[in-house]
1. If a residue has to be touching a residue at least 12 places away in the same chain (Cβ under 8 Å) and exposed (fewer than 11 other Cβ atoms within 10 Å of the Cβ) to count, how many in region 85-127 make the cut?
2. Return the residues of region 128-144 that are surrounded by 12 or more Cβ atoms within 10 Å (Cβ to Cβ) and outside any helix (DSSP H, G or I); say none if nothing qualifies.
3. Residues 75, 36: which one is in contact (Cβ under 8 Å) with a residue 24 or more places away in the chain, surrounded by fewer than 14 Cβ atoms within 10 Å (Cβ to Cβ) and out of contact with any strand residue (DSSP E or B) (no Cβ under 7 Å at 6 or more places or on another chain)?
4. If we scan region 145-155, do we find a residue that is assigned to a helix (DSSP H, G or I) and touching a strand residue (DSSP E or B) at 6+ places or on another chain (Cβ under 6 Å)?
5. If I filter region 50-64 for residues that are outside any helix (DSSP H, G or I) and within 30 Å of residue 147 (Cα to Cα), do I get at least one hit?
6. Check 103, 91, 114, 110 and return the single one that is at negative phi, touching a helix residue (DSSP H, G or I) at 6+ places or on another chain (Cβ under 7 Å) and assigned to a helix (DSSP H, G or I).
């Protein structure tokens, strides 16, 4: 190979390297994050989990106490003579206690869910900010959630929302016309039946 052959080969190799670099630069950098794991391992998440566990233990202890009292009433009811004058009152007390326990469990679950939301909401809001900063600092174009569908962060250059909205707006009049035709045809079909 001549000197010009080596130069041509070197120029070709440099061109291929530059083309590969440009292609690699055009590829989006994508990351995946497990939000549940991030929250569970974070200090804020661990603190929230401890508080929730404390609430669960308190509710469980109260439910166990109510259940034990209910069991005592059930034993008394089982031993009582159905024909005795106190049986009806004992049955009513048992039914009231059972309803109270069911109501307590239901309300406890609702309170626990509400408290969970109160504790997690600020963490999730902060996490959104952190993800945005992390993605920009580490040059990610898109960050996907491993445990939910959808992107948690995406560079604006990949956002096609305006195009999708324009397409929706473009097709909207035809869609509305089609719905009107279907509505008009429905009464005609019923009257022809």
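The values are calculated or read from the model by the stated rules, or taken from the named source; none is laboratory data. Just so it is clear, the model here is predicted, and its values are computed rather than measured. Here the Cβ is made from the backbone with ideal geometry for all residues, glycine too, and neighbour counts use every protein chain on show.
1. Of the residues in region 85-127, 0 are touching a residue at least 12 places away in the same chain (Cβ under 8 Å) and exposed (fewer than 11 other Cβ atoms within 10 Å of the Cβ).
2. Across region 128-144, the qualifying residues are 140, 141, 142, 143, 144.
3. Values: 75 fails: in contact (Cβ under 8 Å) with a residue 24 or more places away in the chain.
Exactly one residue qualifies, and that residue is 36.
4. No - not one qualifying residue is present in region 145-155.
5. Taking region 50-64 first, the residues outside any helix (DSSP H, G or I) are none.
No, region 50-64 contains no residue that is outside any helix (DSSP H, G or I) and within 30 Å of residue 147 (Cα to Cα).
6. Working: 103 fails: touching a helix residue (DSSP H, G or I) at 6+ places or on another chain (Cβ under 7 Å); 114 fails: touching a helix residue (DSSP H, G or I) at 6+ places or on another chain (Cβ under 7 Å); 110 fails: touching a helix residue (DSSP H, G or I) at 6+ places or on another chain (Cβ under 7 Å).
The match here is 91.
Quick grid of which residues meet (1) over 21 Å from residue 38 (Cβ atoms); (2) at pLDDT below 85:
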residue	(1), (2)
104	yes, no
119	no, no
131	no, yes
147	no, yes
166	yes, yes
